[in-house]
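Take a look at the structure below.
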Amino acid sequence: MGPAKNKGPHLPVILAVLAALSLAALGAKLFLDAKYYPPVLMYHNIENLPAGTPLCVTEPQFREQMKFLRDHKYNVVSLDELADMIDSGKPMPHNIAAVTFDDGNANNYLNAFPVLKEFGIPATVFMVSDYIGRGGYLTVSQIRKMSDAGIGFGSHTRSHRNLKDSSMQDTERELLHSKRIIEEVTGKKVTAFCYPSGQQGGYCRDVLKRAGYRTAFLTMPRDGSIKLDPYALKRINMETSKANLLEFRIKMSGYYTWLKAKRWKMK
């Protein structure tokens, strides 16, 4: 009777293949973790205006997007919760998101607020404090109703002044005054800030830290970086012309900011 034939790969070969596959999977995970950037959505107006209207998303599109977040079980966090995650130094969970609004337009209360309540989604409005009560902007009463329902309010400066070339005194005036006014209206601490036009000034970071702000937000990357810098956090601009659900899925993937940063580097 002859020697038994080998019926398959030897065990060491199988183990080597499994080890190689495990290393490849680990490498892919580490790569994806390094490129992941939590999607922070940036809205301005929620209004039924024609497609292509700058800084605007229609009411049906906004509702569809918020329903998507709920149906796909995204953990939509407050900006303080996001700050806690960044401060922890741990890898960022891949199912989180944040929703923000710039300027404090009245339609945030009239059109966005009911949808946020319907789907139980927290959000933050970056308010220009001098705009409170002006025509087309949120009133004190509206701000308090939103705040009481769990909507956060951050500062977008006092007058929407571009801070890029502002002096220390002007920077302090814009950041400190707006913080105080919004805190007086809501009765809550203001810890988040948004740069007008996405422009940082040389004194901003120091003033923000001294004033007790925990985070500050820009727009899309213009420097090719995806570092989670708490005082230079990137956001994804939302407009009607870019509001189809397929593109929204891509933006919510967590890799959209990396792709935009890579494209900026190649310019």
Next item on the list: Give me T219, T240 ranked fewest to most by other Cβ atoms within 10 Å of their Cβ, as a rough exposure proxy.
Entry: T219, T240
Notebook entry, point to check: Out of (1) 73, 44, 42; (2) 98, 41, 38; (3) 46, 44, 29, which label holds the value of Cα extents along the principal axes in Å that was computed here?
Noted result: (2)
Note to self: Let me make sure I get this right: for the range 172-254, a, b and c are the square roots of the gyration tensor eigenvalues over alpha carbons, sorted descending. Under 1.5 in a/c it's rounded, otherwise prolate if a/b > b/c, else oblate. Which is it?
What the structure shows: prolate
Notebook entry, point to check: Taking a 32 Å limit on the Cα-Cα distance, which of the listed pairs K164/K260; K73/K164; K117/K164 fall beyond it?
Noted result: K73/K164; K117/K164
Note to self: Run the helix sum for the chain: -39,500 (n - 2.57) per DSSP H stretch of 4+ residues, divided by residue count, reported at 222 nm to the nearest 500 deg cm²/dmol.
What the structure shows: -12500 deg cm²/dmol
Item checked: Sorted by Cβ density within 10 Å, fewest first, the residues H177, H72 -> H72, H177
Notebook entry, point to check: For the residues V207, V140, what sequence is obtained by ranking on other C-beta atoms within 10 Å, fewest first?
Noted result: V140, V207
Checklist line | Selection from G187, G136, V115 lying farthest towards where the dipole of the chain points positive, charges on Cβ | finding: V115
Margin query: Of all beta bridges DSSP finds with both residues in the chain, what is the antiparallel percent, to the nearest 5?
Written below: 5
Next item on the list: Count the net charge of all other residues whose Cβ sits under 10 Å from the Cβ of E118, scoring Lys and Arg as +1 and Asp and Glu as -1.
Entry: +4
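Here, each number is a calculation from the coordinates, and none is a lab measurement. The structure displayed is predicted, hence computed values, not measured ones. Because the Cβ atoms are built from the backbone with ideal geometry, glycine has one as well, and the counts that use them run over all protein chains shown.
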